[in-house]
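Structure, as structure tokens:
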Amino acid sequence: MEDARTGAIDREIALSYVRNAQAYEQMLPSDLERIFPAVLDAVGYLDVPSESALELIAQLLKRHGKGISDTLRDAIAKHDIDNFVEGSLPRLYGDAQRRVSLPAIERPGPSSFADKPHATTIGIDVLKRRVAIADRIVIERNATADVLIELAQVWLESAGRGLNPLDYSCLTAPDLAQLLGVDSDEVVRRRINRARAVLKQRFESSNLETSAGDLMIENIPWQGYRFAPELVTIRMIEPSN
């Protein structure tokens with residue numbers, strides 16, 4: 001837990017592990033059935049009622065999530081975040097929360113943190129179906145723009161509620177399918193994969209950090225899709241007169 005993680009993908013995997021654990025702490029049988037309906041097929045082979053099987057699985061996930069979350073909370077309670085090695089899981093956890101919770105606070109003077117990744121600013125114009133990224137990339141009036149706008153609106157709603165960044169809401173595949181007007185979860189997965197590929201390519205061609213574009217859209221097990229809270233800052237584009 002306290003070892004440094006130097007690669008962008010390794011860091012994101014570590015943070016996703018914590019997010020999943022925190023989600024598992026709150027897992028209910030109804031969540032299993034709603035978010036991951038295929039589990040009903042699996043428990044159908046067990047020699048117990050479906051309701052009992054779902055309850056057992058949910059309790060197992062809760063114990064697993066609580067064990068991981070408690071370990072991290074105990075470590076942070078014993079030491080200040082700054083005492084942990086740069087790139088360690090407790091440090092990454094603290095940095096992820098600060099990047100979203102305190103986006104407007106500038107560090108004074110010459111920055112000694114130039115090598116740290118910064119949240120990418122994304123502006124959305126819902127009416128024009130337009131997405132502007134880091135003042136360099138524009139994606140508009142296509143399927144990728146629609147996906148990004150729906151995810152951005154969930155990010156804005158979560159930020160408006162003052163949620164902890166790691167608790168920002170997701171869109172399930174069925175919910176996203178309905179919002180996009182498509183007929184299956186498989187189409188949603190293809191749209192998400194296409195959006196990730198477009199972001200990666202556009203980031204690379206714009207001389208932005210390619211890994212940031214590649215990791216910007218998360219898939220949180222049991223919950224769905226969202227923008228990685230610590231990697232983006234979303235704003236609405238004011239309509240021009």
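The values are calculated or read from the model by the stated rules, or taken from the named source; none is laboratory data. Small disclaimer: the values here were computed from a predicted structure and weren't measured. Calculation scope for accessible area: heavy atoms of the full protein, side chains included, ligands and nucleic acids excluded. Shrake-Rupley method; radii C 1.70, N 1.55, O 1.52, S 1.80 Å.
Find how much the distance from H64 to Q201 grows on full extension, using 0.36 nm per residue of separation minus their present alpha carbon separation; answer in nm with one decimal.
On the way: separation 137, 0.36 × 137 = 49.32 nm, distance 3.72 nm.
45.6 nm is the gain from fully extending H64 to Q201.
Ignoring aspartates and glutamates fewer than eight residues from K200 along the same chain, the ones with Cα atoms less than 15 angstrom from its Cα are E209, D214, E218. Taken one residue at a time, the phi angles of the range 159-172 give Karplus couplings (6.51, -1.76, 1.60, θ = phi - 60°) of 5, x, 7, x, 6, 4, x, 6, 9, 4, 5, 10, 10, 5 Hz. Gly and Pro are set to x.
How many percent of the accessible area of the range 170-226 is carbon or sulfur, using a 1.4 Å probe? Carbon and sulfur together cover 43 percent of it. Applying the Kirkwood pairwise sum to the alpha-carbon positions of the range 126-223 produces a hydrodynamic radius of 14.1 angstrom.
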